[in-house]
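Engineer: This is the structure I want to talk about, given as structure tokens.
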Amino acid sequence: MVFVDLNMEVHATPIAKLGARKMESYQLSFCAVIALWLLTVQVIAAERPVLGQGMISCSLWLEGRQTDSPSAASRTAWVLGFMSAFNQYGLTSERADVSEGKSSEELMAWIDNYCRQHQGDHLHMALQAFIDDFRQRIQQLNK
């Protein structure tokens with residue numbers, strides 16, 4: 001389209017502006033789609049498969065801690081195995097220890113306290129919170 005102003009000059013910029021607006025609209029849509037895709041990828045990455053006893057509820061964990069049943073012992077072993085695996089594969093420092101030298105009972109007491117406050121969570125979520133707490137303490141020490 002060609003426009004003529006009162007000075008009788010010919011201008012073609014309005015069409016260029018329309019094209020630029022359309023391009024900006026496409027760019028905005030493209031950026032929105034990419035942002036949603038990246039958010040989805042992050043959520044999928046955060047949902048790693050959990051095997052074994054880690055899928056029981058915190059309320060079931062607490063019930064089991066009141067007994068000396070074989071299932072309670074296997075859950076405690078699962079928790080200690082999770083911590084050991086984190087020490088082996090999740091830490092960058094070879095000398096770091098997520099248990100920080102605490103006894104098994106002290107570690108289980110931490111999990112018990114978490115589970116009392118979050119009875120609907122799964123056991124693996126308690127371990128993730130434990131490890132997050134450990135990481136925050138390590139970051140504070142390294143500052």
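Engineer: Taking neighbour Cβ counts within 10 Å as the exposure measure, how do SER103, SER74, SER57 sort from fewest upward?
Structural biologist: Exposure proxy ranking, most exposed first: SER103, SER74, SER57.
Engineer: Here's another thing I want to ask about it. With a ≥ b ≥ c taken as the square roots of the eigenvalues of the C-alpha gyration tensor of region 66-143, please select rounded if a/c is under 1.5 and otherwise prolate if a/b is larger than b/c or oblate if it is not? Spell out each step's value before the answer.
Structural biologist: Working: a/c = 2.16, a/b = 1.60, b/c = 1.35.
Taking the square roots of the gyration eigenvalues as a ≥ b ≥ c, region 66-143 is prolate.
Throughout, read-outs are computed from the coordinates displayed, never taken from laboratory work. Since we're looking at a predicted model, the values are computed, not measured. When we count neighbours, we look across all protein chains shown, and the Cβ atoms used for this are built from the backbone with ideal geometry, even at glycine.
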